[in-house]
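Single-structure report; data block below.
What follows draws every value from the coordinates through simple rules; no lab data is involved. Nothing here was measured: the structure is a model prediction, and the numbers come from that model. Please note: Cβ atoms are built from the backbone with ideal geometry, for glycine as well, and neighbour counts cover all protein chains shown.
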Amino acid sequence: MNIEQTAQPFNRKKAFKIFFGLVALIAIGFAFYWWKYLNHYESTDNAYVAAPQIQISSQVEGTIAAVQVVETQQVKAGDLLLKIDPTEAEIASHMADAELLNAYLASRSAILKTQQKKVDLVRIGEDIRRRQSLKGVAAVSAEELNHLQMEYQAADNGYKEMLERSDNLVDVATATRHPDVQKASAAAKQAYVTLLRTKVLSPVDAIVAKRNAQVGQRVAPGVSLATLVILNDSWVDANFKEDQLRNIRLGQAVELEADIYGSKVIYTGKIVGFSPATGANMSLLPAQNATGNWVKVVQRLPVRIAIDPSQLQKNPLQVGLSLSARVDTSQQDGGSLAAAEKTNVTATHIYDAQSAEADQHVRKILNQAHLH
């Protein structure tokens, strides 16, 4: 059999129909996929990790005697970061303690003298009443009674004067309530707190990002010593274009892909807030669109995205790393361009502990003075 006789002629028209039919099916499938999935998403690769940055500054004046940490070191709340020479603070604290002791002793002495003046006043008053009750030959003269009255008046004036000095306190147990003792207690507490703060402690669990302090450096209150970063409380600032924001709402789910891990790690988050101003307006030198030749530039607005903390613990992210964000805009219940709601408060208790320790120090001084 001849092969040329059995070959079917090429049907160009049929082939074009099949081709265009496949193209139409693909187009319909893509349109359906876009309508079902892609139409509900907004994405950007202009996103970066951010976290709370804690500025550690000196609270006292002095010379740095020791530095206990290095950059990139992890620290816990209460860990010693550096130490300022405590010599000057110790001297000031000892002087304040001595002033407190003197104030307490003076207050107690004034109360004891007030008590004695009260006893003298009562004794003279009883003498006057007893002599006034005498009659007949035992009666005292008017001159003697007059003398006793003058003595009573002098005793009463002395009692009132000592009562003023003791601030109307008549019980030794209440000597600590005297204004001079209260003032000296506050000064002693302040001096002791200053002594405690020569040890610069970490206020929170964090990582040392930058250390400015050096041994031998003279510092004053307010001088920056180090910067700490709380990576466990990280978030993402994603900068979306203006035309992408119309469907983005609070609470919408976000998928995040970090360049450092690639597509192997996908973080899940949600929209928690919008910046009140664009990045250009918040810059050091904001654009002045009302001057010169104006050229419209599409602006970007920072959108804050919260990340699941458990995912951060498994795959930590450093501040400033780049990510890609993909927001599912199908949920439209949240607010548009709304500010973030109240979140967890970053706080420290080390200063409360120092205040409590200073109070205990003052009470110890007063207790020892009372026993003696």
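Observations on the structure shown:
- Computed magnitude of the charge dipole of the chain (debye, nearest 20; Cβ of K, R +1, Cβ of D, E -1): 1180 debye
- Residues considered: Ala353, Ala50, Ala226. Largest GNM mean-square fluctuation over the chain, using C-alpha springs under 10 Å, is found at Ala353.
- Ordering Ile271, Ile26, Ile350 by the number of other Cβ atoms within 10 Å of each residue's own Cβ, fewest first, gives Ile26, Ile350, Ile271.
- Restricting the trypsin sites (Lys or Arg not before Pro) of region 105-201 to loop positions (DSSP other than H, G, I, E, B) with no more than 13 neighbouring Cβ atoms within 10 Å leaves Lys135.
- Ascending count of other beta-carbon atoms within 10 Å, so fewest first, for Leu196, Leu312: Leu312, Leu196
- Formal net charge of residues neighbouring Gly335 (Cβ-Cβ distance under 14 Å; K, R +1; D, E -1): +2
- Simple spin-label estimate for Tyr351 and Lys210 in nanometres, 7 Å along Cα-Cβ: 2.2 nm
- Size estimate for region 66-157 follows the Kirkwood approach: the inverse of mean 1/r over distinct Cα pairs works out to 19.4 Å.
- Annotation: amide H of Val204 within the under-5 Å range of Gly78, sequence separation 5 or more or interchain, hydrogens built in the peptide plane.
- Remark: Met150, Met95 ranked as Met150, Met95, counting other beta-carbon atoms within 10 Å and listing the fewest first.
- With the cut-off at under 15 Å, measuring from each backbone N in region 58-95 to a point 7 Å along the Cα-to-Cβ line of Ala220 picks out 58-63.
- Each principal axis of the chain carries a Cα extent, and these read 176, 54, 50 Å when sorted largest first.
- Per the Debye calculation on region 18-125 with a single equal scatterer at every Cα and no solvent contribution, log₁₀ I(q)/I(0) for q = 0.10, 0.11, 0.18, 0.25 Å⁻¹ amounts to -0.72, -0.77, -1.07, -1.29.
- Theoretical FRET efficiency, 1/(1+(r/R0)^6), r = Cβ-Cβ of Ala186 and Ser57, R0 41 Å, to 0.05: 0.95
- The length gained by stretching the chain between Gln68 and Asn46 to full extension, at 0.36 nm per residue less their Cα-Cα distance, is 4.2 nm.
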